[in-house]
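In what follows, a structure is listed as structure tokens, so that the remarks can point back to it.
The values are calculated or read from the model by the stated rules, or taken from the named source; none is laboratory data. Since the structure is predicted, the reported quantities are computational estimates derived from the model, not experimental observations. Virtual Cβ from ideal backbone geometry, glycine too; neighbours counted across all protein chains shown. Ligands, DNA and RNA are excluded from the accessible area calculation, which covers all protein heavy atoms including side chains. Shrake-Rupley method; radii C 1.70, N 1.55, O 1.52, S 1.80 Å.
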Amino acid sequence: MKKILLAVVGVLVLAGAAVVFVVNARAGDGGTNAVPVVTGQPMTLSPGRLLFRNTAPGPDSGKLASVPLATPDAPRQVGDLRCDRVAVAAGTGVCLAVHPDVLPAVSDVIVLDGKLGVKHKETLPGTPSRARVSPDGKFVYWTLFVTGDSYAAQGFSTRAGVYEVETGTLVKTIEELAVFVGGQRYLAADVNYWGITFAPDGNRFYATLGSKGQTHLIEGDYQHYRGKSLRDNVECPSLSPDGKRIAFKKKVSEGVWRLSVLDLASMRETPLAETRSVDDQALWQDSSTILYGLANPGGGSDIWSVPADGSGAPRLLVPGGASPAVVS
């Protein structure tokens, strides 16, 4: 059984904020994990910071948090907004938050401005799974798990949607995308999309198409609303800052995925040094480093990093965190 102790250590003055240490004694590991938390300061999309969902035990668990990317072990700022998934880019943010104790599940898609104020909100059916913002900040997109589709053999399916920040246009699902697999228009009742990622031009995008027990990497043209399959067994793509590589999770067995990077020009695939199963849409910290969330033995999650070229070894970046988002 987890024991959670909140202790205010001394009287600290840090820009008028209180520093609270959350101590978690994890069952079975015989140790503790102290996470310093800074409250009482406004959070913004300041460059050089890492935003994430705080998963450290305590009253701030589930809230949006932030640390300097250069010193991720510094006291984390924690705001009032609760998010299950978060993403940011170019002064725009998105927070996905499920409504507690509501069945069937519904979630808020909250579009945030540069001061993390609520700019727009949509309430849609489903449970948060993935979230991203286009590099130019003009699109936010997400994936929600939904229940009730008759064709869903496992009892659930996905809805991948897009919101155009400048026009206010909402695309609840991209399932109407005209997509071609093997050169032929693909039409099937069980089509699902997830893990959208946009190129810097704000038009080219990539996503996973799942159908009939297979997954396909789709390259899409948003303006003409059509797409084509590039490769099989690619899930949750994440486009590199230069738009030339895709980090993704590759299924190696049932319920087990391996992080890899795909070069779009050569279609050469590079497995990364992380050999544990990662069920996340990876994030490019920069052109050479991949971030991702990974469950920990205590029942929570941590944020890890690994080189994008297959070298090196995984490094624990933020304990008690999930859904990383780099503010550039």
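So here's what we get for this one:
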| item | result |
| --- | --- |
| Additional length obtainable on full extension of the chain from Ser46 to Val118, 0.36 nm per residue less Cα span | 24.3 nm |
| Carbon/sulfur fraction of accessible area - the chain, other protein chains in place, 1.4 Å, % | 54 |
| Stretchable slack from Asp73 to Phe180, in nm (0.36 nm times residue separation minus alpha-carbon distance) | 33.9 nm |
| Label zone at Met267, where the point sits 7 Å out along the Cα-to-Cβ direction: segment 190-206 residues whose backbone N lies under 18 Å | 206 |
| The chain: Cys lacking any partner C-beta under 4.7 angstrom | Cys236 |
| Relative contact order of the chain, defined on C-alpha pairs under 8 angstrom at six or more residues apart (%) | 12 |
| Segment 38-91: relative contact order as a whole-number percent, Cα under 8 Å and 6+ apart | 37 |
| Under 15 Å, Cβ to Cβ, from Leu51 - net charge with Lys/Arg +1 and Asp/Glu -1 | +4 |
| Rounded to the nearest 20 debye, dipole of segment 246-327 from Cβ charges on Lys, Arg, Asp, Glu | 120 |
| Solvent-accessible heavy-atom area per residue, rounded to whole Å², over the chain at 1.4 Å | 45 |
